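Here the structure is laid out as structure tokens; the discussion comes afterwards.
The values are calculated or read from the model by the stated rules, or taken from the named source; none is laboratory data. What you are looking at is a predicted structure, and each value in this text was computed from that prediction instead of being measured. So basically every Cβ, Gly included, is an ideal-geometry build from the backbone, and we count neighbours across all protein chains shown. Just the protein is used for accessible areas: all its heavy atoms, side chains included, with ligands, DNA and RNA removed. Shrake-Rupley method; radii C 1.70, N 1.55, O 1.52, S 1.80 Å.
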Amino acid sequence: MFLIGAVLIGVVVGYLCRGRIAHLASLRLRFLWVIPVSLLIQLMIFPLFSERPLFPYATSSLHLLSYALILVFLVLNYRTFPLLIIGIGSLLNLLVIAVNGGYMPSSPIALARAGSEGVAARLLQDGVYGNVILMSEGTRFNFLGDLLYLPRWVPFATAFSLGDLIVALGLIWLIAWGMRRAS
């Protein structure tokens, strides 16, 4: 949900810079289909609108696979400069997820402050919930985990990582930049 806000901000910034949304079609992005496949994998393995995921098997492996697919897309499109920024954020996320067994360490305090008390409680109770693991002394690279948060009154409020923030900034830049481009 955090990235939906980034997309909306990117469109607003693009329009403020006198861009047109139709110009996004002129971006020459190869293997764009990889992005929805990666997102579909994540939608299937994480509980979003219910207590259980649609596919509750091999969560950590499929989580890592979804990031690998995104990185393949980013490498194949390295000439689109804003994607390099998105790639840096994605690599940071992949790093922390990989060293923590396929899960993102998440702070229950950040989750609660973002309005996700239920997720925070479940995380404290079970230690793992969806794609996150309880941030503790036993998790690694906690500074790259979900420590940051948007307050609950902000639309799409959530806890997020430094990598997520860098991805969001790159996405805003990509959209605004792409809207300014003429074919």
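Quick look at the numbers
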{"quantity": "Accessible surface, per residue, of the stretch 1-110 when the full set of protein chains is kept, probe 1.4 Å, Å²", "calculated": "58 Å²"}
{"quantity": "Among Ala25, Val7, Ala120 the positive-end extreme of the charge dipole of the chain (Cβ point charges)", "calculated": "Ala25"}
{"quantity": "Trypsin sites (Lys or Arg not before Pro) restricted to the stretch 81-183 and DSSP loop, no more than 16 other C-beta within 10 Å", "calculated": "Arg140, Arg152, Arg181"}
{"quantity": "Accessible area in the full protein assembly, largest first, 1.4 Å probe, for Glu137, Glu51, Glu117", "calculated": "Glu137, Glu51, Glu117"}
{"quantity": "Protein accessible area in the chain, 1.4 Å probe - carbon and sulfur %", "calculated": "69 percent"}
{"quantity": "Helix-only CD estimate at 222 nm, as mean residue ellipticity for the chain, using -39500 (n - 2.57) per DSSP H run (n ≥ 4)", "calculated": "-17500 deg cm²/dmol"}
{"quantity": "Per-selection metrics, the stretch 50-155 (Cα): Rg and Dmax in Å", "calculated": "14.9, 45"}
{"quantity": "DSSP bridge pairs, the chain: antiparallel proportion in percent, nearest 5", "calculated": "50 percent"}
{"quantity": "Accessible area, probe 1.4 Å, largest first, for residues Ile41, Ile109", "calculated": "Ile109, Ile41"}
{"quantity": "The stretch 1-119 - Rg and Dmax from Cα coordinates, angstrom", "calculated": "16.3, 46"}
{"quantity": "Solvent-accessible area of Val75 with every protein chain in place, 1.4 Å probe, in Å² to the nearest 10", "calculated": "100 Å²"}
{"quantity": "For Asp146, residues with placed amide H under 5 Å, excluding near neighbours", "calculated": "Ser106, Ser107"}
{"quantity": "0 to 90° range, to nearest 10: angle between helix 117-126 axis and the chain longest Cα axis", "calculated": "50 degrees"}
{"quantity": "Helix 81-99 vs. the chain, principal-axis angle (Cα, 0 to 90°, nearest 10)", "calculated": "10 degrees"}
{"quantity": "Computed lengthening from Ala68 to Ala22, 0.36 nm per intervening residue step minus Cα-Cα distance", "calculated": "13.6 nm"}
{"quantity": "Which of Asp126, Asp164 is most accessible, then next, and so on - probe 1.4 Å", "calculated": "Asp126, Asp164"}
{"quantity": "About the Cα centre, charge dipole magnitude for the stretch 1-136 (Lys/Arg +1, Asp/Glu -1 at Cβ), debye", "calculated": "580 debye"}
{"quantity": "Using alpha-carbon coordinates, inclination of helix 59-76 to the longest axis of the chain, degrees", "calculated": "20 degrees"}
